[in-house]
Every structure is written in C-alpha cells, then in structure tokens.
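Asker: Sharing a structure with you now.
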Amino acid sequence: MKDKTVDAKRQTILQAAWQAFASYGYRKTSMDDIARGAGVSRPALYLYYRNKEDIFRSLAQRYYDEAVEMVSAALGAAGDVPDQLERAFTAQGGTIMRAMLSSPHGMELLDTSNATAADIIATGEARLTAAYAHWLNSQVQAGRVALQDTPQEVAATLTAALKGIKTAAPQYDVYMRRVTRLAALLGGGLAAD
C-alpha cells in the first residue's frame, strides 16, 4: 500500500518543479528553486527525487498517465465522431499545452522532454495510440466509423498529427484552432455514411 503522505509530497514537488521549469526554463531551474517552491529543504527534496532529470521524467510520466486516462474518458463520452475526437484531442493536450505555449521556455521544455524522457514519450505515445485504436475498433463495430486501414494505423496517424501540431504551434490559441480543425476534418472523414 502506498504511503499517501509520500505521494502527496511528490505531487507537491512535481507541481513546484513544473512552475519553476515554466518560469525559468529547464537549464536555469535549480534544485533549490524546486525545493523552495515545494516548501521543503533541498536535502529533503533528495529523499524523493535523485536530481532535476528524475523530476522532469516524473513530470513526463505523470502527463502521459493523465492524458491516456482523459483521452479514454473523452472518447467514451456521447457525441458524434468529430465531437468525440475534438474532446479527446483537447484532453490529450490538457493544461500542459497552455502552460508550455504560454511560457517563454516552452520550446526548451519540449526539447528537454525529447532529450530527457524519450523512452517515456515513446511508451506514452504508444499508450495513446492504443486508446485511439481501441475506440476506433469499437466505432467500426458499432457502424459509426468506416476505415480503409487498420484501427492501429489510423490511430498512429492521429497521434502523429497531434504531435506535429504540438511542435509547430507558436501560441496556445493557434494550437487549439488547429486541434479543432484536425478533429473536424478527421472525424468527418472517418464517420460512416
């Protein structure tokens, strides 16, 4: 059984780390900045995380855990195919995209994610792809979606397109506009006649 005090403290540390990374960038954030933001001493911080990279990797893992859960919930909600996709795409970006694209250090944080947590990203993207594939398969079975390819291949295309939008959007409003447009285009194309 997990110690809830330790888990709560870890969450506090991760929240403080995210604030520091968004404010100062990854390179300029120190363990002292994170400890101060979390209300713990620097030595206490090391009881929970080995270093700044360990904290950043934990943030990436937390993002994917939450994103998979929220995407699955959005895809399971009522609505037509474009609406379901729009809710899922919005959930996948979550509040993290708003924070990243609002931060002057957003691109540095994206680059750091790729350099520091590539394995977590690959696994997380595969989990998201699986969630979309599961949904697509259920929609095909229900006669709501018609595919010319496998659900897995279409799902991989969805996640790749979202990843591309994330890396190319200069601001959050542009990101959201493109995500909404992508959902409408793909959802309309997938919907069975």
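Asker: Which of (1) surrounded by fewer than 16 Cβ atoms within 10 Å (Cβ to Cβ); (2) free of Cβ contacts under 8 Å to residues at least 60 places away in the same chain is the odd one out, the single condition VAL154 does not satisfy?
Answerer: Tallying (1) surrounded by fewer than 16 Cβ atoms within 10 Å (Cβ to Cβ); (2) free of Cβ contacts under 8 Å to residues at least 60 places away in the same chain, VAL154 fails exactly one: (1).
Asker: Residues ASP173, ASP119: which one is more than 21 Å from ALA192 (Cβ to Cβ), acidic (Asp, Glu) and modelled with pLDDT of 95 or more?
Answerer: Numbers: ASP173 fails: modelled with pLDDT of 95 or more.
Exactly one of ASP173, ASP119 is more than 21 Å from ALA192 (Cβ to Cβ), acidic (Asp, Glu) and modelled with pLDDT of 95 or more, namely ASP119.
Asker: Does ALA17 count as assigned to a helix (DSSP H, G or I) and within 22 Å of ASP111 (Cβ to Cβ)?
Answerer: So ALA17 fits the description; yes.
Asker: Testing GLY143 on (1) more than 13 Å from the chain's Cα centre (by Cα); (2) over 16 Å from VAL179 (Cα atoms); (3) part of a helix (DSSP H, G or I), one condition comes back false. Which one is that?
Answerer: The single condition GLY143 does not satisfy is (3).
Asker: Related question: Hey, among the residues in region 20-33 that are part of a helix (DSSP H, G or I) and aromatic (Phe, Trp, Tyr), which one's farthest from the chain's Cα centre (by Cα)?
Answerer: TYR24
Asker: Do any residues in region 69-83 that are closer than 16 Å to VAL140 by Cα and assigned by TED's automatic domain parsing to the domain that holds LEU136 have Cβ atoms under 8 Å from those of residues that are surrounded by fewer than 18 Cβ atoms within 10 Å (Cβ to Cβ) and acidic (Asp, Glu), where the two are at least six apart or on different chains, and which pairs are they?
Answerer: Listed pairs, sorted by first residue: none to list.
Asker: Just the residues that are over 13 Å from the mean Cα position of the chain (by Cα), surrounded by fewer than 19 Cβ atoms within 10 Å (Cβ to Cβ) and assigned to a helix (DSSP H, G or I), please, taken from region 90-111.
Answerer: SER102, MET107, GLU108, ASP111
Asker: Among the residues of region 24-60, count how many are closer than 23 Å to ALA122 by Cβ and surrounded by fewer than 16 Cβ atoms within 10 Å (Cβ to Cβ). It would help to see each step written out before you state the result.
Answerer: Applying the first criterion (closer than 23 Å to ALA122 by Cβ) to region 24-60 yields 26, 49-60.
Checking the rest, the ones that are also surrounded by fewer than 16 Cβ atoms within 10 Å (Cβ to Cβ) come to 50-51, 53-54.
Qualifying residue count, region 24-60: 4.
Asker: Next question. Among the residues of region 42-58, write down those that are farther than 19 Å from ASP7 by Cβ and part of a helix (DSSP H, G or I).
Answerer: ARG42, PRO43, LYS52, GLU53 - these are the residues of region 42-58 that are farther than 19 Å from ASP7 by Cβ and part of a helix (DSSP H, G or I).
Each row is one residue, and each column tells you yes or no for (1) in a helix (DSSP H, G or I); (2) out of contact with any Ser or Thr (no Cβ under 8 Å at 6 or more places or on another chain); (3) of a type outside the set (Ser, Thr, Tyr).
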| position | (1), (2), (3) |
| --- | --- |
| TYR132 | yes, no, no |
| SER138 | yes, yes, no |
| VAL154 | yes, yes, yes |
| LYS163 | yes, yes, yes |
| THR167 | yes, yes, no |
| VAL179 | yes, no, yes |
| GLY188 | yes, yes, yes |
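Asker: Which residue, of ARG87, ARG50, ARG36, is more than 19 Å from THR112 (Cα to Cα) and more than 18 Å from the chain's Cα centre (by Cα)?
Answerer: Checking each option against the conditions leaves just ARG36.
The values are calculated or read from the model by the stated rules, or taken from the named source; none is laboratory data. Because the structure is predicted, anything quoted here is derived from the model rather than measured. Here the Cβ is made from the backbone with ideal geometry for all residues, glycine too, and neighbour counts use every protein chain on show.
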